[in-house]
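Colleague: Next up is a structure, given as structure tokens.
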Amino acid sequence: AYMYQLCYASCSTSDSDKLLEDLRNILKEARDFNVDHEIRGVLYFADQYFFQCLEGKKEALDILIEKLKKDTLHKGFTLFEYKPVNKSHFVDWSMKYVRRNSVIQQYMRDQGFELFRPKLLQPHQVEELITLLVDIKD
């Protein structure tokens, strides 16, 4: 398959007064990189945790993983399954950003989590989370 999907979770290292500025910078940098490298994806942030899913050519995603591992704005980088996909989930967005959302909060509660804790999700739950994020209208 020509396209790969990469999903990861991590924990923000920003303190609350820097958080919005850091998020803006993260999004700007992600969008620029993704446009240049034909990567598309979604980022969700809540309760100090990031969940991001990206799709593109494997070579570009490999570069991105190395960048993400070195980034000091987050810690505890946890990679989910890195796999080929047949079609893109994110055709419309270089980087869709979804802020804390009641649908996602409810989904986490239904799975038994009080807070957004993406690292604890099983592969099928990651798939469900992606589907929910794609469907959310900002």
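The values are calculated or read from the model by the stated rules, or taken from the named source; none is laboratory data. The structure displayed is predicted, hence computed values, not measured ones. Heads up, the Cβs are rebuilt from the backbone with ideal geometry, glycines too, and the neighbour counts pull from every protein chain shown. The accessibility values were calculated without ligands, DNA or RNA, using every heavy atom of the protein model including side chains. Shrake-Rupley method; radii C 1.70, N 1.55, O 1.52, S 1.80 Å.
Colleague: Taking the alpha-carbon distance from LYS58 and a cut-off under 19 Å, which aspartates and glutamates remain once sequence neighbours fewer than 8 residues away in the same chain are dropped?
Modeller: ASP32, ASP36, GLU38, GLU66, GLU81
Colleague: Show me the three semi-axes of the equivalent ellipsoid for the chain, from the C-alpha gyration tensor (sqrt of 5 times each eigenvalue), largest first, rounded to whole Å.
Modeller: After diagonalising the Cα gyration tensor, the semi-axes are 21, 19, 14 Å.
Colleague: Using only the heavy atoms of the protein chains and a 1.4 Å probe, how would TYR44, TYR97 rank by accessible area, largest first?
Modeller: TYR97, TYR44
Colleague: Considering amide H positions built from the backbone, and no H for Pro or chain starts, which residues 5 or more places from PHE80, or on another chain, come under 5 Å of its amide H?
Modeller: CYS7, TYR8, ALA9
Colleague: Turning to a different aspect of this structure: Students often forget the sequence filter, so: which lysines lie under 22 Å Cα-Cα from LYS137 once same-chain residues fewer than 8 apart are removed?
Modeller: Cross-link targets: LYS28, LYS87, LYS96.
Colleague: While we're on this one: Strictly under 4.7 angstrom between C-beta atoms: which cysteines of the chain have no such partner?
Modeller: By the Cβ distance rule, which asks for a partner under 4.7 Å, the isolated cysteines are CYS11.
Colleague: Here is a follow-up. Just to confirm, what accessible area per residue do you get for the chain at 1.4 Å probe, in whole Å²?
Modeller: For the chain, the solvent-accessible area averages 56 Å² per residue.
Colleague: How large, in percent, is the carbon and sulfur part of the accessible surface of the range 29-93 at a probe radius of 1.4 Å?
Modeller: Carbon-and-sulfur percentage of accessible area, whole number: 51.
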